[in-house]
Amino acid sequence: MTIKRRNLYLYLTLICFFGVIAIFIVDGYMGIYDTVYITAGEREQKIESDVWQRNDPYRSSGIARGEKAFIRYEVDNRRFSGYEADIDVSVWRMQNKVSDVLSQHIAIGSFNKVQIEWVIDTAELLPPDAPPEQGFDYTLTIKRGETERNIILYVNPTPYPVIKTVPSPPR
């Protein structure tokens, strides 16, 4: 006795279709993603995870001399298991460490996010004898476990000469 399988090809087609959809979801969505937000002046810059895949440091826009940069680092765990890592942030110039900014341990539950914030003051980075017409490049290094992210921070030169005023004597 033979059994007719009238819908066999329909079932195989549906299984292949859902298999392709599952591959796109697992490959394109699942994983650990990190995003950096840099706010300097009135402008916020967002550096997303896909930028890091090129394996070169990201050059951010400039920070005005004497101002502060407010930086937020977001780690998004899009996995079924929890994630733990140590985060170390430092500032470098010409392969010399200028300062350690942050060292912190994070633990993220499955499908959850964590944000870490810190401030970089350009007045603390610049050498004391730095001429106002010179700009400086610094590398902000963020190490998360085995992953390292580098962002080039440019401290803008003063756009106009500093004029020292002497108060007039009282009359």
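The values are calculated or read from the model by the stated rules, or taken from the named source; none is laboratory data. Just so you know, these numbers come straight off a predicted model, no measurement behind them. Neighbour counts run over all protein chains shown; Cβ positions are idealised from the backbone, glycine included. SASA here: full protein model, heavy atoms, side chains in, ligands and nucleic acids out. Shrake-Rupley method; radii C 1.70, N 1.55, O 1.52, S 1.80 Å.
Between His105 and Arg72, the distance separating the two model label sites (each 7 Å from Cα on the Cα→Cβ line) works out to 2.6 nm. Note on Thr39 and Phe80: with the Förster distance fixed at 30 Å, the Cβ-Cβ geometry gives a FRET efficiency of about 0.35.
Given a Förster distance of 41 angstrom, what is the FRET efficiency for Ile116 paired with Val166, based on the Cβ-Cβ distance and rounded to 0.05?
Working: r = 46 Å, r/R0 = 1.11.
For Ile116 and Val166, the calculated efficiency is 0.35.
Here the Karplus curve 6.51 cos²θ - 1.76 cosθ + 1.60, taken at θ = phi - 60°, turns the phi angles of segment 96-102 into couplings of 10, 6, 8, 7, 8, 9, 7 Hz, with x standing for Gly and Pro. Lys113 sits with roughly 110 Å² accessible to a 1.4 Å probe, with DNA, RNA and ligands left out of the calculation. Net charge in the neighbourhood of Arg93 (other residues with Cβ under 14 Å of its Cβ; Lys, Arg +1, Asp, Glu -1) is -2.
Ellipsoid semi-axes for the chain, based on the Cα gyration tensor and the rule √(5λ), read 52, 17, 14 Å when sorted largest first.
Accessible surface ranking for Tyr37, Tyr9, 1.4 angstrom probe, highest first: Tyr9, Tyr37.
Any idea how far apart Tyr29 and Leu12 come out in nm if each label point goes 7 Å out from Cα toward Cβ? Here the answer is 2.9 nm between the modelled labels. Spatially, segment 104-156 and segment 18-55 are offset by 19 Å when compared through their Cα centroids.
In terms of solvent-accessible area of protein heavy atoms at a 1.4 angstrom probe, what is the ranking of Asp50, Asp34, Asp27, Asp137, highest value first?
Working: Asp50 95, Asp34 0, Asp27 125, Asp137 65 Å².
So the residues, ranked largest to smallest area, are Asp27, Asp50, Asp137, Asp34.
Note on Thr158: accessible area approximately 40 square angstrom, rounded to 10, probe 1.4 Å, nucleic acids and ligands left out. Our coupling estimate for segment 143-157, obtained by passing each phi through the Karplus curve with A = 6.51, B = -1.76, C = 1.60 and θ = phi - 60°, is 9, 10, x, 8, 8, 10, 10, 10, 10, 7, 9, 10, 8, 5, x Hz, Gly and Pro reported as x.
All other residues whose Cβ lies under 15 angstrom from that of Leu14 are scored, Lys and Arg at +1 and Asp and Glu at -1, for a net of +2.
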